[in-house]
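Below is one structure, written out as structure tokens, with a few remarks after it.
Taken together, the values in this text are just the output of simple stated rules run on the coordinates, not laboratory data. Just so we're clear, the structure is a prediction, and the values are computed from it rather than from any experiment. Heads up, the Cβs are rebuilt from the backbone with ideal geometry, glycines too, and the neighbour counts pull from every protein chain shown.
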Amino acid sequence: MIYLKLSHYLKGILRHDPRHKRVVFFSGLLFGLILASISVFISASWVVNEFQAPPLKTITDRRPLTDSNSAALKKEGELLKLENFVRRGDTIITALARAGINYEPAYKLFQAVKPIYDLKKISAGKKYTLFLSSSGKEIEKFKYELDVNRYVEVSRDERNNLYSGKIVTIPFDVKKEFIKGEITYSLFESIMKCGEKPELADLLASLYEYDVDFNRDIQVGDSFAVIVEKKYLHGQFSSYGNVLASEFVNRGKTIRLLRYTDPESFSAYYHPDGRSVRKMFLRCPLPFMHVTSRYGNRRHPILGFSAGHHGVDFGAPSGTIIRASAAGVIQAIGNDSTRGKYISIRHPNFYTSHYYHLSGVAKDIKTGLKVDQGQLIGYVGSTGLSTGPHLHYGMEKSGRYFNPLQLESPAKEPVKQQYFVDFKHYADRYFLVLSGSKLVNIPPAVQDALLSPVAFGDQKPF
Ligand SMILES: [Zn+2]
């Protein structure tokens, strides 16, 4: 639409006197700029999606919104069955009206199910199923899909003509599976070669983010092995559950980690010696790391003279998400000609982290707010004294700036001492399976116990 209008406008200009060349030139420039910004926006949003994609949940929701014409009534026993998808702008009343249901029975159904689920919350793209009486006017049963394995079901009681609803959950079939591969180009590509989904690469990258920089450190010949829960529904893969144990060999160095749930039901990831995988600070507040200017003395790109650079610059497309590198309290949010839009966070042990040149601050982020490690706080931009989109990330301890890339971040809580024997027992068996070459030496019964289907959760195999 906009494009049509614009080309119409440009043609109009071209038809005029050639002396209007300047107008044509500037219109062309404007048009070019619009195209360029659209392509930058598209590529930027691609990069953001690529790296921040939440590993689970989204796969099944990418269903086309079908036209109501394609939803035909089917006979099912005495009843008529109709399957359809909620459209943009639909309410439960309008969705049902398209199926020929009058306001009154539709409203009755809506009211009856309200204590269990508010059908005001229906969203576009979700599936619903109607079972109608043979006349096609009475709703006998209604199903609305909540998730891939959960739906709201409303049925009519013939005796009193009243509707009642419930939420039905279909349990997943969870299997532990062993996946092993070698890096030939990237983790993503190797995971795909194993026949797995990109979500598994995201899961592994986020588990290893404290130890490995997947953009910089990874090299051909690195390898990984992982035992992961895979959730199936009606025999079809649905999503990944937890990574239970994994081994990553990076430049000859083996990094193992294990998910352990202690007898108090506290779950976390640990190294084989019981140290927590999580550290107090993330290596980088962005979903990926690309250093464009290091800490220390440098020639300032705008001011021209040498000045101490109290931070590290990470190049990233405008709009890339910025995460709090550690838990803390938002100390300051501001905007000035040097820092641009900025956020500072106060952390325990007299640490403060700074994030400059943002394009925006995330919704609900305010001074005084407590934030978790990894929480979204803002977006990369180029505000203030900046030559292009990047994040300036600075760190202070007791009022003194230091290089955040050289921070030896203290680990979070290790396994509790009283559970260490239990942990060790659990870890040893998993890592025996993981170090693939030894797999043949493990009695088949033990292998079965490790990789056999389990109910969802953290049951110990022994
Ligand atoms: Zn900087």
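Just to confirm the filter: which trypsin sites (Lys or Arg not before Pro) across region 185-265 are DSSP coil and have at most 14 other Cβ within 10 angstrom of their Cβ?
Working: sites: K193, R216, K230, K231, R251, K253, R256, R259; in loops: R216, R251.
Sites meeting the loop and neighbour criteria: R216, R251.
Between V329 and T254, take the C-beta separation as r, use R0 = 41 Å, and let me know the FRET efficiency to the nearest 0.05.
On the way: r = 38 Å, r/R0 = 0.92.
The formula returns an efficiency of 0.60 here.
Could you tell me the calculated FRET efficiency between L233 and S133, based on Cβ-Cβ distance and R0 = 25 angstrom, to the nearest 0.05?
FRET efficiency, L233 to S133: 0.25.
Does region 70-169 come out rounded, prolate or oblate by the C-alpha gyration tensor, with a ≥ b ≥ c the root eigenvalues, rounded set by a/c under 1.5 and, if not, prolate when a/b is larger than b/c and oblate if not?
Working: a/c = 1.33, a/b = 1.11, b/c = 1.20.
Rounded, since a/c falls under 1.5.
What shape does region 291-406 have by the C-alpha gyration tensor, where a ≥ b ≥ c are the square roots of the eigenvalues, rounded means a/c under 1.5, and otherwise prolate means a/b greater than b/c and oblate the rest?
Details: a/c = 1.84, a/b = 1.28, b/c = 1.44.
Since a/c reaches 1.5 but b/c is at least a/b, the shape of region 291-406 is classed as oblate.
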